[in-house]
Amino acid sequence: MNKKPLLLRSLLVLVVVAVFAAAMYPLAERDYYGVFQELLKNPNDKEALDLIKVAREKEKKDKNLFQSQALLAAADEAGVNLAKKVNGKDLHNNRDVMSLIRKKASSSIRLGLDLNGGVEFYLTLKPEETKDEALKKNMQEDFNRYRDVAVETLRKRLEGQNIFEAEIAPAGEDGIVLRAPIVSKDEKVKLRDLIAMSAKLEFRLVEQQIPEEMRDQMRTDPRYMEYTEMENGKPVIHSYLVAIVPEMDGKNITMARAHRDEMTGQLQIMLQFNTAGAEEFKNVTQRNVNRQLAIVLDGKLYCAPVIREAIAGGNASISGSFTEEEAKSIADALVSGSFPFKINVDATFDTDPTLGRASVKNGIMVGIISLALVAVFMVVYYRFSGLISVVALALNIMLILGAMAAFDSTLTLPGIAGIVLTIGMAVDANVLIFERIREEMHSGKSLLNAVNAGYDRALSAVLDSNITTLITSFILMYVGTGAIKGFAVTLCIGILSSLFSAVFVTRLVYDYLFRFADIKNLKMMQLVKKSNVDFVKIWRYSLMFSGALVIVLLVVLAVRGRGIMGIDFTGGSAISFNYAKKGNTTAMAQMLKKAGYDEPSVTYKANIAAEDGNGEFLEIRLRGSKENAENTKLTVFKLMDKNFPDCGIVLEGSNIQQLNGLIGREFTKAAVLAIVLALIGIGAYIVFRYELSYAVASVLALLHDVLVVLAIYLLSGRTIGLTTVAAFLTVIGYSINDTVVIFDRVRENLQLHKGESFSSLVNLSINQTLSRTMITSLTTFIVVFIMWIFGGPEISDFVFVMMWGIILGTYSSVFLSGPFVAWRMNCKLARQGGR
């Protein structure tokens, strides 16, 4: 039994559970109609209650309608202005009311664009007036490169607000489309201001302070600037003439954070420069001791402190009348970088969820069924121990959801599939421990000693396999951007919660049983009772098979070319139509796909600027077309009019716009760098824990898995998008597990069976862990296979990659990695013998 006190460990578990359980509340969305009734000025308003009845009828007729869509449609059709009927600030039309209800009804976890809709901004970039002719010429000649930089800068700003699942893509000649899972009106305004911020920081010298009596006559001077600060509880205006040409700018800022001064309580933005910036700031302050230095951000004066002495060390601060949100937004903008152009927010739209309600319910239900089947399998196979693992799995789910809520993560339907998969992978640690307990019992140990030895001896393999995946996650978090960083955060949460529940909690349960119950035996089934396969001998055939699959990949790449890239990479068209009545967007997308259009998505949007609430339209996005833009628009209109005549879609006032890919050059570079560093990190850790041959085998096996799965994926006619990238990253994290477990057993057998050949030890180790390998692969495969069969097209690509990733990961660990190490070690011994 674990010697650590039960009470202390029990309290730790209770505290962790309590904290994350509290963070989860409310996990489920509240009833939309119930929240609407709570907000009514008159709870018995008959007209409003009748609208709820009509909305419920609409839901019954169209299972894909969300409650928000049904209520909005009911109100619009009846010509009812909900803004006059509910309590709330700054409500102008029915869409404003929907945003308010959506915020009040939302769960503790932010839902993605596919599940809950959000906001879309159409931005245009206008080069700022500059005397730098070279910069002006570069911006004109290489505008797309500057726009790509702007896309990544905006992505970093949103990441500073913990929004990782935004969609940002170039559009048209000088535009950018940005979509984010933000539903409340105040959050939209805050996000719009953050987006529009150029973050152009300048340090200018004050030429003259303007007395109050001369303020009005000096306002026309282009050098005039002023700022307001609170003194003794009263606002005081400070006016200056400030030099037009700055002494330095903020391009060398490496860190910016909001900070509250302990003496004054005033919010400040603390700045830190890199080496070049620190030297420049020192020189500026050294030259201008006893002068005022104006700190100007986006043309606005924030403060003008007096330089008392030269400031070395590369630190500075901005004082001003900030709110905490403003200070954080400005700090995020400064860190993410400034623009050499102005961003205009030309239009703002509300967007409905991109998935139908039935698709979302189906995806969630399939995930629940998959986990239930895994739980049943564990109980049937491992009996009482399996029941303990099911308790740990339930706790693991709660910890993951609680952590996502606490860290303000965004949940999408592929994200749900990823969480389900992470939980399926969490079974791995339990299986590893249970299989080791079985071995210890078969060696003649008592149950108590077998459990203790099982946990002790399995711990190194459990930690090594999870730490390698954690290394991948941390590197992806640090280097990756956008959805890759969001994926890494979710993966980290899943791994840490799995380790806690599968190792710490299950061990605590066993310790309670041994202390307070009289258990003498643990019954378990055994799939592989005894195995003696010579895996090293058949290695050459495995190599030939894998080589053939890699050649197939090269052929597919040569034949399909850029055709392998999905809309996230290639971009496409966005067609907007006016309509009379809403229809089933899922059915519309399926119809367009059958008509031959790639990756169609259909959603309803509304122009927030349309105060009368009549700015709604239907948007259809397509991967691309061989037709010209106008012909594409006309063909799509005819298809929609023919298949959905009741919707009253009209061609007049329609529009088609070209969209570039979500994944630009900067994003691609960051993704490739993250994957390369992840492989290097995994290799370095395995060198540290084992030796170089093991690391080479691991990295080659990972590359093999990714390449072969990619070949199978492309042979199925699919295209690569953001979801696919996340799936391949998961394959990298998952595939290493089996390999590390085998290597851990090889290391142990080297100590137990001295004198035997390395090939024999590798074969012994693979055969000893074969039962564990098959069980963990089977349980995870059950989850993925059911999601692939019944989960719907929205997660099909993700689970397809994972399904083959599990198969190929198991294959490479058993047939390639271990035998490769045996071959390398035998070559090494042969060279040493030759000397």
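Numerical summary
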quantity: Residues that are open to solvent by 70 Å² or more (accessible area, probe 1.4 Å) and in contact with a strand residue (DSSP E or B) (Cβ under 8 Å, 6 or more places away or on another chain), drawn from the stretch 239-257; calculated: I244, V245, T254, R257
quantity: Filter result for E47 (closer than 23 Å to I416 by Cβ, over 28 Å from the mean Cα position of the chain (by Cα) and open to solvent by 20 Å² or more (accessible area, probe 1.4 Å)); calculated: no
quantity: Residue in the stretch 208-221 that is surrounded by fewer than 17 Cβ atoms within 10 Å (Cβ to Cβ), more than 43 Å from the chain's Cα centre (by Cα) and on the phi > 0 side of the Ramachandran plot present; calculated: no
quantity: Looking only at the stretch 558-580, and only at residues there that are among the aliphatic types (A, V, I, L, M) and free of Cβ contacts under 8 Å to residues at least 60 places away in the same chain, the one that is most open to solvent (accessible area, probe 1.4 Å); calculated: V559
quantity: Cβ-Cβ under 9 Å pairs, at least 6 apart or on other chains, the stretch 158-179 side over 18 Å from E619 (Cα atoms) and part of a loop (DSSP other than H, G, I, E, B), far side open to solvent by 10 Å² or more (accessible area, probe 1.4 Å) and of a type in the set (F, W, Y); calculated: N162/F407; F164/F487; E173/F143; D174/F143
quantity: Top-ranked residue in the stretch 248-296 [being in contact with a helix residue (DSSP H, G or I) (Cβ under 9 Å, 6 or more places away or on another chain) and assigned to a loop (DSSP other than H, G, I, E, B); ranked as farthest from S198 (Cα to Cα)]; calculated: N252
quantity: Matching residues in the stretch 623-649 - criterion: being aliphatic (A, V, I, L, M) and at pLDDT 85 or above; calculated: L634, V636, L639, M640, I649
quantity: Some residue of the stretch 763-779 being in contact with a Lys or Arg (Cβ under 7 Å, 6 or more places away or on another chain), farther than 30 Å from E167 by Cα and open to solvent by less than 40 Å² (accessible area, probe 1.4 Å); calculated: yes
quantity: V236 aliphatic (A, V, I, L, M), open to solvent by 40 Å² or more (accessible area, probe 1.4 Å), farther than 30 Å from L91 by Cα and free of Cβ contacts under 8 Å to residues at least 12 places away in the same chain; calculated: yes
quantity: Residue within the stretch 586-599 that is out of contact with any strand residue (DSSP E or B) (no Cβ under 6 Å at 6 or more places or on another chain), within 25 Å of S465 (Cβ to Cβ) and part of a loop (DSSP other than H, G, I, E, B) present; calculated: no
quantity: Some residue of the stretch 64-86 being at pLDDT below 80 and farther than 28 Å from N162 by Cβ; calculated: yes
quantity: Enumeration of residues in the stretch 736-794 that are of a type in the set (S, T, Y) and touching a Leu at 6+ places or on another chain (Cβ under 8 Å); calculated: S771, T776, T780
quantity: Test result for L301, at pLDDT 75 or above and open to solvent by less than 30 Å² (accessible area, probe 1.4 Å); calculated: yes
quantity: Single unsatisfied condition, F66 versus (1) aromatic (F, W, Y); (2) under 23 Å from D114 (Cβ atoms); (3) open to solvent by less than 20 Å² (accessible area, probe 1.4 Å); calculated: (3)
quantity: Any hit, the stretch 664-671, residues being open to solvent by 10 Å² or more (accessible area, probe 1.4 Å), out of contact with any His (no Cβ under 6 Å at 6 or more places or on another chain), closer than 23 Å to T422 by Cα and assigned to a helix (DSSP H, G or I); calculated: yes
quantity: Condition met for L27 (open to solvent by less than 30 Å² (accessible area, probe 1.4 Å), under 33 Å from the mean Cα position of the chain (by Cα) and closer than 30 Å to V86 by Cα); calculated: no
quantity: Filtered residues of the stretch 792-810 (kept if open to solvent by 10 Å² or more (accessible area, probe 1.4 Å) and under 14 Å from I775 (Cα atoms)); calculated: I807, T810
quantity: Number of the exception - G792 against (1) part of a helix (DSSP H, G or I); (2) within 24 Å of the chain's Cα centre (by Cα); (3) of a type outside the set (D, E); calculated: (1)
quantity: Out of S359, S370, sole residue that is assigned to a helix (DSSP H, G or I), within 23 Å of L729 (Cβ to Cβ) and at pLDDT below 85; calculated: S370
quantity: Elements of type helices (runs of 4 or more DSSP H) contained in the stretch 1-99, each with 1 or more residues being of a type in the set (K, R); calculated: 6-24, 46-61
quantity: Index of the failed condition, V676 passing every other in (1) out of contact with any Leu (no Cβ under 8 Å at 6 or more places or on another chain); (2) open to solvent by less than 50 Å² (accessible area, probe 1.4 Å); (3) over 19 Å from F545 (Cα atoms); calculated: (2)
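Quick grid of which residues meet (1) surrounded by 13 or more Cβ atoms within 10 Å (Cβ to Cβ); (2) closer than 30 Å to R155 by Cβ; (3) hydrophobic (A, V, I, L, M, F, W, C); (4) touching a Pro at 6+ places or on another chain (Cβ under 9 Å):
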site: S473; (1), (2), (3), (4): yes, yes, no, no
site: A488; (1), (2), (3), (4): yes, yes, yes, no
site: L491; (1), (2), (3), (4): yes, yes, yes, no
site: I495; (1), (2), (3), (4): yes, yes, yes, no
site: V503; (1), (2), (3), (4): yes, no, yes, no
site: V509; (1), (2), (3), (4): yes, no, yes, no
site: R515; (1), (2), (3), (4): no, no, no, no
site: V556; (1), (2), (3), (4): yes, no, yes, no
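The values are calculated or read from the model by the stated rules, or taken from the named source; none is laboratory data. Keep in mind that what you see is a predicted model, and the values were worked out from it rather than measured. As a convention, Cβ positions derive from the backbone with ideal geometry for all residues, glycine included, and neighbour counts pool all protein chains shown. Ligands, DNA and RNA are excluded from the accessible area calculation, which covers all protein heavy atoms including side chains. Shrake-Rupley method; radii C 1.70, N 1.55, O 1.52, S 1.80 Å.
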